[in-house]
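The values are calculated or read from the model by the stated rules, or taken from the named source; none is laboratory data. Computed from a predicted model, the values in this text were never measured in an experiment. Don't worry about glycine lacking a Cβ; one is built from the backbone with ideal geometry, like all the others, and counts go over all protein chains shown. These accessible areas exclude ligands, DNA and RNA; they are computed on the full protein's heavy atoms, side chains included. Shrake-Rupley method; radii C 1.70, N 1.55, O 1.52, S 1.80 Å.
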Protein chains: 2
Amino acid sequence: MHSTMQNVPLSAARLLRHSTSTHGDSLVATWRGDHFERTTYGQVGRRAAQLARALRDELGVHTGTRPEADQSVVGTLMWNNSRHLESFLGVPSMGAVLHTLNVRITTQQLAYIINHAGDEVVVVDGDLTGQLGAALPHLSGKLRHIIVAGAADPEALAHFTGFVHDYEDLLAQHPADYPWAEDLDERTAAAMCYTSGTTGEPKGVVYSHRALYLQSLHLVSPDGWNMSARDTVLPIVPMFHVNGWGLPHSAAHVGAALLLPDRHLQPRPLAQMIEQGRPTFAAGVPTVWTALHQELGTGRYDTSSLQRVATGGSACPPALMRSYHDRYGIDFVHSWGMTETLGLASAAIAPSGLPAEQQWSYRSTQGRFPAYVQYRLTAPDGETVPHDGVSTGELELRGPSITGAYHGGTAGQPARPTDSFSPDGWLRTGDVARISRDGFLTLTDRAKDVIKSGGEFISSVDLENRLTEHPAVFEAAVIAVPDPHWGERPLAALTYCEGACAQLRELSDFLAQHLSAWQVPEQWAVLPAIPKTPVGKIDKKLLRQQYADGALPVARLERRSRAERGPSR
Amino acid sequence: MHSTMQNVPLSAARLLRHSTSTHGDSLVATWRGDHFERTTYGQVGRRAAQLARALRDELGVHTGTRPEADQSVVGTLMWNNSRHLESFLGVPSMGAVLHTLNVRITTQQLAYIINHAGDEVVVVDGDLTGQLGAALPHLSGKLRHIIVAGAADPEALAHFTGFVHDYEDLLAQHPADYPWAEDLDERTAAAMCYTSGTTGEPKGVVYSHRALYLQSLHLVSPDGWNMSARDTVLPIVPMFHVNGWGLPHSAAHVGAALLLPDRHLQPRPLAQMIEQGRPTFAAGVPTVWTALHQELGTGRYDTSSLQRVATGGSACPPALMRSYHDRYGIDFVHSWGMTETLGLASAAIAPSGLPAEQQWSYRSTQGRFPAYVQYRLTAPDGETVPHDGVSTGELELRGPSITGAYHGGTAGQPARPTDSFSPDGWLRTGDVARISRDGFLTLTDRAKDVIKSGGEFISSVDLENRLTEHPAVFEAAVIAVPDPHWGERPLAALTYCEGACAQLRELSDFLAQHLSAWQVPEQWAVLPAIPKTPVGKIDKKLLRQQYADGALPVARLERRSRAERGPSR
């Protein structure tokens, strides 16, 4: 039966129009080193229209309202500021595609993703022109225009063969209205982000208008990040990081005031922003909150406005979340998502009516998914694993905000590599997890690090956490090594604390106190140091290579029998 | 450009699956006169599956996953109880169409809408079989099955020529799983409601899966009714009233516990439910809250759990909302919507940081719309009226949860009468309103009651409110009467307070103190009583008829000149 509902799409332009009219007087402020430069959504909307006019009428940007259309890609290499917001809201709303470029990747990666996405225009903050300039020699030539916001490094773009424009000069020549593409096919591309690609090339995810809108509806809900017109939002997470975790669109959507830190992501300016801007809600990765915690410890700042913080990107230490709660009355929402899920996928909010201690056992998980994200756990043999809070499997997701492919495969088709997507089209997240009966997710490992032993998963993270609880162990890294009978078995590499030592059998017994016998490694390697990547993460790839090359000093214990227990049981 | 997002629809079945798995242990309770009968979403889901099996496999209900499909319509004539919830969630999720029948309409209207919608099955609460039975002789014969939940009036259905089933017997014969239609075209019909039709025949609105889902996402947001897994929700509004205002789907969506009052909508049982069930949120029409307020005044009830109340359906007296706030700490969310908007369209939540008095000036309005509902005000001449908080026009709406037609026009096409829809497809709400610059809606009149004078609107409600502020006036009713020059002019009918009297010129001066000269009526009728409808509303239709028949005792004053002011200015 036909419904009688109006056929009206969900579009970025609807969010833009709503924020710039109904919430046109709401604040958008950018930190300028010691104060906020204040504007409004209304003004951002008028300037976004000028930008869109310039892009379309002067720079020849193609717009489209259907997935089949030939839309231009407009890149941004910018900090969190109101000009970036103008592109953020304006480019998708005109029917072009916004491509937020990560300022923290290598020159090679930057060139790769500009080429791969086919950016025709890049808007760049003046102080980032050096980074863009370094990538220019590696570009394939599709990039025709660079728009510089603010003072540029005069040398950086000297050899660019296209056109360089000054942001303000460009806008000044165009009228402040634009026929935004409100009524488009909502499956049309709106924005794209690339994964940071620690292994292999970065991969592009293309967000539809539909996905942006749905995500923004969920994000503001009380089981998400609980945002309303009465909030003042401080996105510390960069706007180039997974679409700014959806915060710019969500804030605009509900008319929340927006505080943008520009490039000032250090603890002291952030503390000053909180005191001066009085945000009610902020979002950033755990390392930001660790650093800020020290700065706040000086007792010099008034943080009383800040009620809620969302954190994600990596697991946040529970002790840190508790300390913010106990000392400053700030509630953390531990969240999980990835480029492939358009940011926020699950959020850890405890059920009501629980004692504080029990609440923390929920709040330290990766949380629950909204109804429109389907989740399942898959064992190495492809079987679905029960949601019993114990069994682990690779997390697979399905939903309208979840990617089903990567941009730019062969013959104009998106790429669907089998290690990233199940045969029935679900996203394979590469994370191993358990899920409780009531839907709380706990990540236990990255799939590439987990040990697949006899059809069961063994979590390398669990083994490492247990091992480092032993007083003699300083650092531990567990990797999977091939095994003719079990497929894989764990190998524990470790370093001792200075002056300490232990028998490997004693460590094996120690693990067996808490783990099943079959989870305890037989192979051990005591090292002078655990190898690390340049950013300080344990380099398991190198450890696996060293094992394969016979370069690890491996000691082998007898395999523990099923009945065998550690001495203390 | 093609997005890489997965192509996954929004469906009622997704809400059902989520609520019965992730939130499977959450409470669903039905009031049984002195206690709650408790079950869970998980159990409701299993019984909904049994019902769906019975409907499809035994009763031959047709399901469909596309708008073109021939889906069966399943009616429900039921109170707010867990069995109704089984139909509510199950029928749309199987791909049939749920048609909630209003228990408070006349037999003729009931028969009309069962025939017009084409109900093939009706599920009826036992104590409502009498009402259904009375309508049977007027039915066209498409209704083949009646399923009776609970003990029926044995006589009521005796002459039904189809099959009568006992609800529990029917369910007991079918397995508790069903392949819910999660992956359907989201524009497919999910549910339908008829307007109560105070003028003319009731009109059917058919809700799509997409609309139900979007509405449920908005409804839980902090700028809507702010619902989460941590809430316990008491929907006092009947589930047959505009899809239960979306509450059953929203509660299921987020896993909020649900308290269902069954047929016990009187103040005393409601107060008992609040004390025993400890809801955090409730929703109902203003008359419910007026009556409950008296009962709570006895001081015998613990209402401390209740934090928020949504009210709508008609304007709620601000004094009542304040009293709940001041005496019980309960915050009212004054809301507005209609059958044609799938319930909640706007909600009045004050901006932050305002003094209490100023907050009330926002909270007494009809509130703000979400981003996906576009709004405009249209003057009688078709021109768009500015949102300046002063100018009035007929409220017109556009969006994916707004109806663009009525069910069952000619030749299989939906009906789009021009008095209900603008030429460009917007819903004409029939309400006259003003909207502030920041999007707050204030209804001033029904369009059929407003006076269209010289291209401007004069609000009958404004004139009536002013008139009754005069100490001599007991009651006032202002109607539009034809005028050769101005199109229409207001006529004020009134009654005096007992023993009181006033010169009409004095009343005219009194109005002119606050209104423009052109808004003040020339024609007056002093009556012994203002005519009323059977439900106690002022019968303006009859007044207009009496005027046309020359049956009103009309006195005429000179028209006031533009410069003329009342004596006190």
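Just checking, does the range B:238-258 include any residue being hydroxyl-bearing (Ser, Thr, Tyr) and buried (at least 24 other Cβ atoms within 10 Å of the Cβ)? Within the range B:238-258 (the criterion being hydroxyl-bearing (Ser, Thr, Tyr) and buried (at least 24 other Cβ atoms within 10 Å of the Cβ)), the answer is yes, since at least one residue qualifies. Being within 18 Å of A:Ala190 (Cβ to Cβ) and at pLDDT 95 or above is not true of A:Gly24. Considering the range B:64-79, and only residues there that are more than 11 Å from chain A (Cβ to nearest Cβ) and buried (at least 20 other Cβ atoms within 10 Å of the Cβ), the residue that is farthest from B:Asp185 (Cα to Cα) turns out to be B:Trp79.
With respect to the conditions (1) within 14 Å of chain B (Cβ to nearest Cβ); (2) open to solvent by less than 30 Å² (accessible area, probe 1.4 Å), A:Arg187 falls short on a single one, namely (2).
Screening the range B:211-221 for residues that are touching a residue at least 60 places away in the same chain (Cβ under 8 Å) and facing chain A (nearest Cβ under 7 Å) and picking the one that is nearest to B:Thr100 (Cα to Cα) gives B:Ala211. When you check B:Ser335 against the structure, is it more than 14 Å from chain A (Cβ to nearest Cβ), in contact (Cβ under 8 Å) with a residue 24 or more places away in the chain and not in a loop (DSSP other than H, G, I, E, B), yes or no? Taking the combined requirement at face value, the residue satisfies it.
The sole residue among A:Thr100, A:Thr106, A:Thr129 that is open to solvent by 30 Å² or more (accessible area, probe 1.4 Å) and assigned by TED's automatic domain parsing to the domain that holds A:Thr339 is A:Thr106.
Within the range A:137-164, the set of residues being over 28 Å from the mean Cα position of the chain (by Cα), under 24 Å from A:Ser82 (Cα atoms) and open to solvent by less than 30 Å² (accessible area, probe 1.4 Å) comprises A:His145, A:Ala156, A:Leu157. Just one of the numbered conditions (1) on the phi > 0 side of the Ramachandran plot; (2) out of contact with any Phe, Trp or Tyr (no Cβ under 7 Å at 6 or more places or on another chain) is not true of A:Asn243: (2).
For the range A:356-384, how many residues are closer than 30 Å to A:Trp486 by Cβ, free of Cβ contacts under 8 Å to residues at least 40 places away in the same chain and not in a loop (DSSP other than H, G, I, E, B)? Selection size over the range A:356-384: 1. Of A:Thr392, A:Thr378, which residue is more than 11 Å from chain B (Cβ to nearest Cβ), in contact with a Ser or Thr (Cβ under 9 Å, 6 or more places away or on another chain), under 13 Å from A:Thr442 (Cα atoms) and open to solvent by 10 Å² or more (accessible area, probe 1.4 Å)? The unique qualifying residue is A:Thr392.
On inspection, A:Arg327 does not qualify as within 17 Å of the chain's Cα centre (by Cα), open to solvent by 20 Å² or more (accessible area, probe 1.4 Å) and basic (Lys, Arg). Could you tell me whether A:Gly353 is open to solvent by 20 Å² or more (accessible area, probe 1.4 Å), within 24 Å of A:Arg398 (Cβ to Cβ), in a loop (DSSP other than H, G, I, E, B) and not charged (D, E, K, R)? Criteria not met by A:Gly353.
Working carefully through the options B:Glu58, B:Glu86, find the one that is open to solvent by 40 Å² or more (accessible area, probe 1.4 Å) and more than 8 Å from chain A (Cβ to nearest Cβ). So that I can check it myself, show each step before the final result.
Numbers: B:Glu86 fails: open to solvent by 40 Å² or more (accessible area, probe 1.4 Å).
Unique residue meeting the criteria: B:Glu58.
Within the range B:228-237, the residues that satisfy the criterion of being facing another protein chain (nearest Cβ under 7 Å) and in contact with a helix residue (DSSP H, G or I) (Cβ under 6 Å, 6 or more places away or on another chain) are B:Ser228, B:Ala229. When the residues of the range A:529-542 are filtered to those that are without any contact (Cβ under 8 Å) to a residue 24 or more places away in the chain and farther than 21 Å from A:Val450 by Cβ, the one that is least open to solvent (accessible area, probe 1.4 Å) is A:Gly536. Of the residues making up the range B:1-22, those that are buried (at least 23 other Cβ atoms within 10 Å of the Cβ) and more than 7 Å from chain A (Cβ to nearest Cβ) number 6. Among the residues of the range A:505-528, those identified as of a type in the set (A, V, I, L, M, F, W, C) and modelled with pLDDT of 90 or more are A:Leu507, A:Phe510, A:Leu511, A:Ala512, A:Val520, A:Trp524, A:Ala525, A:Val526, A:Leu527. So which residues in the range A:421-438 are within 11 Å of another protein chain (Cβ to nearest Cβ), within 21 Å of the chain's Cα centre (by Cα) and within 19 Å of B:Val8 (Cβ to Cβ), if there are any at all? Correct list: A:Phe421, A:Trp426, A:Leu427. The residue that is farthest from B:Lys540 (Cα to Cα), counting only those in the range B:463-489 that are touching a Ser or Thr at 6+ places or on another chain (Cβ under 7 Å) and not aliphatic (A, V, I, L, M), is B:Trp486. The criterion of being in contact (Cβ under 8 Å) with a residue 24 or more places away in the chain, within 20 Å of B:Leu247 (Cβ to Cβ) and not acidic (Asp, Glu) holds for B:Val103. Has the range B:227-243 got at least one residue that is at pLDDT below 95 and in a helix (DSSP H, G or I)? For the range B:227-243, residues at pLDDT below 95 and in a helix (DSSP H, G or I): present. The set of residues in the range A:469-528 being in a loop (DSSP other than H, G, I, E, B), open to solvent by less than 60 Å² (accessible area, probe 1.4 Å) and farther than 24 Å from A:Ala379 by Cβ consists of A:His470, A:Ala472, A:Cys497, A:Ala500, A:Ala502, A:Gln513, A:Leu527.
Scan the range B:299-331 for residues that are more than 27 Å from B:Arg446 (Cβ to Cβ) and of a type in the set (A, V, I, L, M) and jot them down. Across the range B:299-331, the qualifying residues are B:Leu306, B:Ile330. In the condition set (1) within 25 Å of B:Lys448 (Cβ to Cβ); (2) more than 8 Å from chain A (Cβ to nearest Cβ); (3) surrounded by 20 or more Cβ atoms within 10 Å (Cβ to Cβ), B:Trp180 is compliant with all but (1). Could you please find all residues in the range B:23-37 being away from every other protein chain (no Cβ under 11 Å) and touching a helix residue (DSSP H, G or I) at 6+ places or on another chain (Cβ under 9 Å)? Selection gives B:Leu27, B:Val28, B:Ala29, B:Thr30, B:Trp31, B:Gly33, B:Asp34, B:His35, B:Phe36, B:Glu37.
Taking the residues in the range A:395-408 that are open to solvent by 30 Å² or more (accessible area, probe 1.4 Å) and part of a loop (DSSP other than H, G, I, E, B) as candidates, determine which candidate is nearest to the other protein chains (Cβ to nearest Cβ). Per the criteria, the residue is A:His407.
Number of residues in the range A:441-464 that are open to solvent by less than 10 Å² (accessible area, probe 1.4 Å) and in a loop (DSSP other than H, G, I, E, B) equals 1.
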